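Structure first, commentary second.
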Amino acid sequence: MVKSASISDGRKEHLGIPPSFFSAKWEDWTTELPGQREWATTAYVFAGDLEKNLELGKGLTLLGKVGTGKSMLAALIALEAEGLHRSACFIKEKDLFDAIRAGWDVSGYDEKYHLRRYRNCRLLVIDDFDVRKQTEYVGEIYQDILDARYEQKLSTLLTSNTHIDDLTERYPRQMDRLARNEVVVMTGESMRG
């Protein structure tokens, strides 16, 4: 696996990796807490075969309680993709919609152009999916992004605290576009202590 230290902090920032994960290493992502070993193997296998998974457009949907390591794992996988010279984008759901909203006041703003980065990168990580209230507009933005990614066979990784059945009920079309994703339910206590 790629050492995150081999990627500059400036590049990590450009990818959207949160600064709290700039120095993250695979060794930091513990599976020693009760309940973690059962699902950790799936995540390691996916990351270990990342190049093939990216070529096939496969992704992961990481679900679990707050603090189980979903965001850190997603950041490590995004850095792994970058280390393989595959474009990656990491964005929190809140930041995605804040950036769109900020553009509304800019003359000549083109929402489709703004979304192009998220539609076309080889690996898109949407962290904290379903934190925002689900509205028709939120659903349309996700449909636009995920439709384009599905058609191009691009990998998407979601993290969420929401159960898969609830996500499927709230976002049926969007979750259908993620049918190639492997769902990993991350159990255990918070890693934050």
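The values are calculated or read from the model by the stated rules, or taken from the named source; none is laboratory data. Because the structure is a prediction, the values reported are computed rather than measured. Positions of Cβ are generated from backbone atoms using ideal geometry, with glycine treated the same way; all protein chains shown enter the neighbour counts. Quick note on the areas: whole protein, heavy atoms, side chains included, nothing else; ligands and nucleic acids left out. Shrake-Rupley method; radii C 1.70, N 1.55, O 1.52, S 1.80 Å.
The angle separating the long axis of helix 111-120 from the principal Cα axis of greatest extent in the chain is about 30 degrees.
Computed with every protein chain present, the accessible area of Arg122 is close to 50 Å² [probe 1.4 Å]. Per-residue ellipticity at 222 nm, computed for the chain from helices alone with -39500 (n - 2.57) per DSSP H run of at least four residues, works out to -13500 deg cm²/dmol. Once the Cβ-Cβ distance of Lys133 and Asp49 is raised to the sixth power relative to R0 = 35 Å, the FRET efficiency obtained is 0.45. Using only Cα atoms, tell me the angle between helix 136-151 and the longest principal axis of the chain; keep it within 0 to 90° and round to the nearest 10. Helix 136-151 sits roughly 70 degrees off the main axis of the chain.
Under 9 Å from the Cβ of Phe46, count the other residues' Cβ atoms, weight Lys and Arg +1, Asp and Glu -1, and hand me the total.
Working: positive: Lys58; negative: Asp49, Glu182.
Spelling it out: positives minus negatives among the neighbours equals -1.
Keeping every protein chain present and rolling a 1.4 Å probe, give me the accessible area per residue for the chain in Å².
Per residue, the chain has 50 Å² of solvent-accessible surface.
Among the listed pairs Lys25/Lys52; Lys25/Lys92; Lys65/Lys94; Lys25/Lys133; Lys52/Lys112; Lys52/Lys133, those whose Cα-Cα separation exceeds 24 Å are Lys25/Lys133; Lys52/Lys112; Lys52/Lys133.
Mind listing P(r) for region 40-193? All alpha-carbon pairs, 5 Å bins, whole percents. Per 5 Å bin, starting at 0, the Cα pair percentages come out as 2, 9, 19, 23, 21, 14, 7, 3, 1, 0. Placing unit charges on each Cβ (+1 for Lys and Arg, -1 for Asp and Glu) gives the chain a dipole about its Cα centre, and among Leu63, Thr168, Ala148 the Cα reaching farthest toward its positive end belongs to Ala148.
Counting only protein heavy atoms, what percent of the accessible surface of region 34-116 is carbon or sulfur at a 1.4 Å probe?
Values: 2110 of 3850 Å².
The computed percentage sits at 55.
Only Lys, Arg, Asp and Glu carry charge here, each on its Cβ (+1 for the first two, -1 for the last two); on that basis the chain has a dipole of about 320 debye about its Cα centre.
For the chain, the longest principal axis of the Cα atoms and the long axis of helix 70-83 meet at an angle of about 80 degrees. Across region 155-171, the residues whose backbone nitrogen lies under 20 Å from the label position 7 Å along the beta-carbon direction of Asp147 are 155-157, 168-171.
Within the listed set Asp144, Asp166, Asp105, the Gaussian network model of the chain (springs between alpha-carbon atoms below 10 Å) gives the highest mean-square fluctuation for Asp105. Loop-located chymotrypsin sites (Phe, Trp or Tyr not before Pro) across region 62-116 with a Cβ neighbour count of 10 or fewer within 10 Å are Trp104, with loop assigned by DSSP.
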